[in-house]
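Structure, as structure tokens:
The values are calculated or read from the model by the stated rules, or taken from the named source; none is laboratory data. All of these numbers come straight from a predicted model, not from anything done at the bench. Cβ placement follows ideal geometry from the backbone for every residue including glycine, while neighbour counts extend to all protein chains displayed.
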Amino acid sequence: MATAAITAERENYLNQEYGIKSWLLTVDHKRIALLYLLSITFFFFIGGFFALLIRLELLTPAGDLVQADTYNKLFSMHGQVMIFFFLIPSIPAVLGNFLVPLMIGAKDLAFPRINLLSWYLYIIAGVLMVHCMLTGGVDTGWTFYTPFSTAFSNTKVIEAGLAIFISGFSSILTGLNFVVTIHRMRAPGMTWDRLPLFIWAHYATSIIQLLGTPVVAVTLVLVVLERALHLGIFDPTRGGDPLLFQHLFWFYSHPAVYIMILPSMGVVTEIIPCFCRKRIFGYKFVALSSISIAVFGFLVWAHHMFVAGISLYAALIFSALSYLVAVPSAIKVFNWTATMYKGSITFSTPMLYAFGFVGLFTMGGLTGLFLAALGLDVHVTDTYFVVAHFHYIMVGGALMGYLGGMHFWWPKISGRMYPESLGRLAALIVFLGFNLTFFPQFILGYLGMPRRYWQYPPEFQVLNVLSTAGATVLAVGYLLPMVYFLWSMRYGKVAPDNPWGASGLEWMTTSPPPTFNFDQPPVVNWEAYDYEHIPAPQEARSGG
Amino acid sequence: MFDTFPLWPTRASTTAGSVDALFIFLVTLSALMSLVIFTMIMVFAVRYRRRKGVAAEQIEGSTALEVTWSVIPLFIFVVIFVWGAVIYFKERTPPRGATEVYVVAKQWMWKLQHEEGQREINELHVPLGRDVKMILTSQDVIHSFYVPAFRIKQDVLPGRYTTAWFRPTKAGTYHLFCAEYCGSQHSGMIGQVVVLEPAQYEVWLSGGGASGTMASNGQNIFQQLGCSTCHRSDTQGRGPDLVGLFGKPVQLEDGRVVTADENYIRESILTPGAKVVSGFKPIMPVFQGLVSEEQLNALVAYVKSLNPSPSGAAGGPTVVPSGAKPQEPKVQ
Ligand SMILES: [Cu+2]
Ligand SMILES: [Cu+2]
């Protein structure tokens with residue numbers, strides 16, 4: 001590889017400085033993105049390990065692999081780790097961190113030091129969480145429902161609560177940084193209607209992070225105080241109200257679903273036009289739908305509480321509003337589909353993930369319609385139907401998008417290509433494994449198997465075995481990219497600056513980009529997704 | 001008793017049929033919607049796969065299309081919303097004349113008591129074809145009363161009552177699950193609902209060895225705790241007359257008007273100061289911590305039984321003159 005030697009000479013953000021200090025004290029958004037990548041991957045495998053143990057326990061109806069208390073800790077920490085330490089930071093803190101400045105033609109984020117601070121907060125939170133896990137763990141579920149969490153659980157609730165509290169500040173700072181950056185640092189000519197939709201999605205996400213996260217932070221502080229000082233805010237024997245906790249918790253935690261899914265939608269909205277060689281269908285509507293999801297997302301929290309003891313009329317209002325928030329999601333699915341119309345489509349790995357995303361997200365969204373239907377929700381809430389539904393959204397949707405994005409921008413991040421055929425294989429395995437794992441859970445839920453059950457009646461076994469089988473397939477699908485990404489860093493083909501022939505400023509700089517992103521400050525005088533004027537690459541044309 | 005590999009849950013209540021109908025409708029609708037979307041994606045993927053010399057056609061978008069595919073789903077959503085709301089409304093409104101069962105949940109068991117006085121643990125016997133209203137509360141954390149065969153679920157909260165109801169349509173034994181995570185033995189907090197033919201049920205009821213109805217137990221407690229010194233039916237007492245209270249609007253000292261439902265009676269006993277009846281002084285002692293959940297249930301059942309007109313109240317209309325046997329509930 002003669003070209004490799006020549007390209008490797010070029011100075012870029014990776015080879016500009018060496019040594020551990022140059023990484024730990026970096027203020028370069030791209031290096032911070034990689035720090036995040038390492039940390040969230042670590043937590044992803046911890047969360048995944050818990051998930052595997054959960055699935056193994058459920059292989060048989062009896063509780064036999066682990067103790068009941070251990071099982072309760074496993075699903076609690078699986079949820080906390082996957083949500084607060086993997087999914088919420090995943091796309092924003094890794095891909096968003098890396099791409100937001102590149103995509104808008106900026107040198108860095110608005111506050112590079114705050115960006116580093118947010119990673120350190122994440123690490124402090126992570127260390128606390130790991131310490132909590134190693135010294136006994138926590139068994140409250142990721143939902144911390146009171147009065148169980150405040151007065152009955154004898155596990156490390158305070159420590160877990162504080163860990164999530166701190167990670168929340170990391171999330172707030174990232175959101176703040178993005179909002180300011182998108183407002184203030186756009187290159188000349190990069191108007192709001194020329195922004196990549198990835199940026200719109202991150203803008204909407206940041207708003208939720210800024211407005212929602214403080215609420216969950218305060219709620220967790222209240223839980224900690226109530227537990228430590230017996231305040232009586234949620235404890236009915238002291239005049240408190242346990243439902244107050246649920247309102248506060250879901251006020252953040254419902255929008256948090258959109259923190260996880262919106263960035264993923266942003267990723268897919270970049271991938272689909274690129275591999276269709278077309279501008280996105282209905283740019284304005286896709287952008288607006290992100291914003292309306294962020295806004296309406298704040299008005300539907302009590303749909304988690306239809307059987308919790310809220311009033312009939314509150315339930316009616318929250319059900320109606322939940323249907324309203326489904327409309328912008330539907331709009332997105334239709335626009336992605338329409339973008340394919342009269343395109344020139346290739347099926348590279350990122351595109352396969354995008355297809356997977358659209359399929360699984362659609363199923364997740366449609367089953368959301370079941371849950372928002374009041375009379376039906378009574379039967380299926382708190383069963384495996386809900387478990388299946390949110391995994392279709394958060395794993396089938398958010399995680400698929402994250403993997404698609406990692407494949408799409410990996411050449412830019414690492415300067416290397418991953419093996420395309422292995423990439424496609426992994427995408428297929430993930431898709432099949434995912435459906436095998438979670439589809440049976442819809443049936444289990446309708447049959448009435450409650451969630452968070454350590455042991456269950458024997459008639460549920462067949463479906464549980466299928467689900468566990470799927471989980472092992474899924475695990476292979478996740479390990480594979482991890483292996484070939486690492487492999488490609490050394491042995492992968494050297495990536496050209498724009499391997500996919502994609503639009504967007506990030507592709508106009510070198511792969512990997514130099515520390516200050518662009519040798520010349522870019523000036524934008526074209527519209528977004530200007531595929532008419534970008535030649536399709538040679539490589540992507542070949543099939544299988 | 002249970003199939004080894006069922007694909008559809010048993011349908012054993014009047015609610016189950018309507019929930020299933022909506023479910024089938026939604027499954028069909030979702031299948032159609034995904035079929036449309038996935039077929040379009042497939043067709044486009046094949047029809048517009050990359051070919052030499054054929055470039056993509058740049059299309060800006062179409063406001064007409066955007067409006068169409070926003071309004072049509074919205075319209076469908078309204079239909080689902082209304083359908084779901086109608087079922088929910090029925091689920092949340094216990095019919096009059098239902099027999100009542102008081103449920104106290106605790107880590108990790110269900111304690112149930114029929115208004116006729118029978119007590120059960122983790123097992124509930126109910127008559128076929130009759131409405132049963134559950135009045136639920138928890139002694140510790142939040143639990144959830146879930147009978148999949150009836151398609152009903154209701155969270156059970158500490159410090160207040162929630163209610164649920166069902167009418168069984170098929171004799172048999174069905175799962176009772178706790179559906180809200182409640183600690184170590186959450187998955188062990190299970191039991192059975194046994195639906196009996198009415199005749200069998202009467203036999204079961206008479207063999208229970210219950211010492212009096214809940215209302216008559218309640219009356220004893222009412223006496224023991226000295227409630228009767230203030231609450232008397234001769235308007236001479238220092239407290240309001242409780243006869244006919246249940247289900248009626250109550251004018252409060254602070255101007256509010258509330259309906260005297262189970263939660264109101266419960267609160268009036270535990271923390272009387274929270275809602276003081278207009279025209280009375282807040283002299284009633286606080287009973288919070290002095291009565292057990294079971295005693296409280298009996299007191300509530302007693303106060304409810306003091307209703308002269310069966311049609312007046314929504315819920316527990318049976319007239320139980322002190323100490324007398326409850327009247328035979330009618331099969332509806
Ligand atoms: Cu329970
Ligand atoms: Cu439970």
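Would the stretch B:35-44 turn up any residue that is farther than 20 Å from A:R279 by Cβ, of a type in the set (F, W, Y) and more than 7 Å from chain A (Cβ to nearest Cβ)? Checking the stretch B:35-44: not a single residue is farther than 20 Å from A:R279 by Cβ, of a type in the set (F, W, Y) and more than 7 Å from chain A (Cβ to nearest Cβ).
For (1) within 16 Å of ligand 1 (Cβ to nearest atom); (2) over 20 Å from the mean Cα position of the chain (by Cα); (3) farther than 28 Å from B:F150 by Cα, each residue gets a yes or a no:
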position	(1), (2), (3)
A:I429	no, no, yes
A:F434	no, no, yes
A:I443	no, yes, no
A:M449	yes, yes, no
A:R452	yes, yes, no
A:E459	no, yes, no
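Of everything in the stretch B:165-181 that is within 10 Å of another protein chain (Cβ to nearest Cβ) and within 16 Å of ligand 2 (Cβ to nearest atom), the residue that is surrounded by the fewest Cβ atoms within 10 Å (Cβ to Cβ) is B:H175. Taking the stretch A:333-357 as the range and being facing chain B (nearest Cβ under 9 Å), of a type in the set (S, T, Y) and not in a helix (DSSP H, G or I) as the test, the residues that pass are A:Y341, A:S344, A:T346.
Is it the case, given these coordinates, that A:F439 is in contact (Cβ under 8 Å) with a residue 12 or more places away in the chain, buried (at least 21 other Cβ atoms within 10 Å of the Cβ) and part of a helix (DSSP H, G or I)?
Numbers: in contact (Cβ under 8 Å) with a residue 12 or more places away in the chain: yes; buried (at least 21 other Cβ atoms within 10 Å of the Cβ): no; part of a helix (DSSP H, G or I): yes.
So A:F439 does not fit the description; no.
For (1) at pLDDT 95 or above; (2) under 30 Å from A:G240 (Cβ atoms), each residue gets a yes or a no:
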site	(1), (2)
A:A163	yes, yes
A:F169	yes, yes
A:G175	yes, no
A:F178	yes, no
A:R186	yes, no
A:D193	no, no
A:I199	yes, no
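A search for C-beta distances below 8 Å between a residue of the stretch B:7-18 that is outside the structural domain of B:W165 (by TED's automatic domain parsing) and free of Cβ contacts under 8 Å to residues at least 12 places away in the same chain and any residue that is basic (K, R) and buried (at least 18 other Cβ atoms within 10 Å of the Cβ), counting only pairs 6+ apart in sequence or on different chains, returns nothing. Scan the stretch A:502-519 and give yes if some residue there is within 16 Å of ligand 1 (Cβ to nearest atom), within 14 Å of another protein chain (Cβ to nearest Cβ) and out of contact with any strand residue (DSSP E or B) (no Cβ under 7 Å at 6 or more places or on another chain), otherwise no. The answer is no; no qualifying residue exists. Counting the residues of the stretch B:192-221 that are closer than 24 Å to B:P158 by Cβ and surrounded by 20 or more Cβ atoms within 10 Å (Cβ to Cβ) gives 4. Going through (1) more than 24 Å from B:R11 (Cβ to Cβ); (2) more than 16 Å from ligand 2 (Cβ to nearest atom); (3) at pLDDT 95 or above one by one, B:Q223 falls short only on (3).
Restricting attention to the stretch B:81-98 and to residues that are touching a residue at least 40 places away in the same chain (Cβ under 8 Å) and small (G, A, S), the residue that is nearest to ligand 1 (Cβ to nearest atom) turns out to be B:A98.
With the requirement that a residue be among the aromatic types (F, W, Y) and over 27 Å from A:F111 (Cα atoms), what does the stretch A:30-49 give you? Correct list: A:F44, A:F45, A:F49.
Of all residues in the stretch B:80-98, exactly one satisfies the criterion of being part of a loop (DSSP other than H, G, I, E, B) and facing another protein chain (nearest Cβ under 9 Å), namely B:T93. Note on the stretch B:139-149: among residues that are within 9 Å of another protein chain (Cβ to nearest Cβ) and farther than 17 Å from A:F306 by Cα, the one that is surrounded by the fewest Cβ atoms within 10 Å (Cβ to Cβ) is B:D140. Scanning the stretch B:147-164 for residues that are touching an Asp or Glu at 6+ places or on another chain (Cβ under 6 Å) and away from ligand 1 (no atom under 16 Å from the Cβ) returns a single hit, B:Y161.
Of all residues in the stretch A:136-151, those that are facing another protein chain (nearest Cβ under 8 Å) and free of Cβ contacts under 8 Å to residues at least 60 places away in the same chain have Cβ atoms under 6 Å from Cβ atoms of residues that are in a loop (DSSP other than H, G, I, E, B) and crowded, with 24+ Cβ neighbours inside 10 Å, 6 or more apart or on another chain, in A:F148/B:V141.
Scanning the stretch B:99-138 for residues that are more than 16 Å from ligand 1 (Cβ to nearest atom), among the aromatic types (F, W, Y) and within 14 Å of chain A (Cβ to nearest Cβ) yields no hits at all. Of the residues that make up the stretch B:225-243, is at least one under 26 Å from the mean Cα position of the chain (by Cα) and either in a loop (DSSP other than H, G, I, E, B) or closer than 16 Å to B:K304 by Cβ (or both)? Checked the stretch B:225-243: at least one residue is under 26 Å from the mean Cα position of the chain (by Cα) and either in a loop (DSSP other than H, G, I, E, B) or closer than 16 Å to B:K304 by Cβ (or both).
Against the condition buried (at least 16 other Cβ atoms within 10 Å of the Cβ) and part of a loop (DSSP other than H, G, I, E, B), how does B:A301 come out, does it pass? No; evaluated as a whole, the condition is false for this residue.
Within the stretch A:486-497, the set of residues being closer than 30 Å to A:W200 by Cβ and surrounded by 21 or more Cβ atoms within 10 Å (Cβ to Cβ) comprises just one member, A:A495.
Checking the stated criteria, A:M489 turns out not to satisfy the condition of being among the hydrophobic types (A, V, I, L, M, F, W, C), touching a Phe, Trp or Tyr at 6+ places or on another chain (Cβ under 8 Å) and under 23 Å from A:R31 (Cβ atoms). Residue pairs whose Cβ atoms lie under 6 Å apart, sitting 6 or more positions apart in sequence or on different chains, and linking a residue in the stretch B:101-118 that is farther than 13 Å from B:T137 by Cα and in a strand (DSSP E or B) to a partner that is more than 16 Å from ligand 1 (Cβ to nearest atom) and aliphatic (A, V, I, L, M), are B:H114/B:V101.
Of all the residues that make up the stretch B:58-109, how many are among the small types (G, A, S), surrounded by fewer than 19 Cβ atoms within 10 Å (Cβ to Cβ) and within 16 Å of ligand 2 (Cβ to nearest atom)? Steps first, please.
Here is the first cut: in the stretch B:58-109, the residues among the small types (G, A, S) are B:61-62, B:64, B:70, B:84-85, B:97-98, B:105.
If we keep only those that are surrounded by fewer than 19 Cβ atoms within 10 Å (Cβ to Cβ) too, we end up with B:61-62, B:64, B:70, B:85, B:97.
Add one more test, that the residue is within 16 Å of ligand 2 (Cβ to nearest atom), and what stays is none.
Count: 0.
Only residues that are touching a residue at least 40 places away in the same chain (Cβ under 8 Å) and more than 30 Å from A:F355 (Cβ to Cβ) were counted across the stretch A:245-279, and they come to 7.
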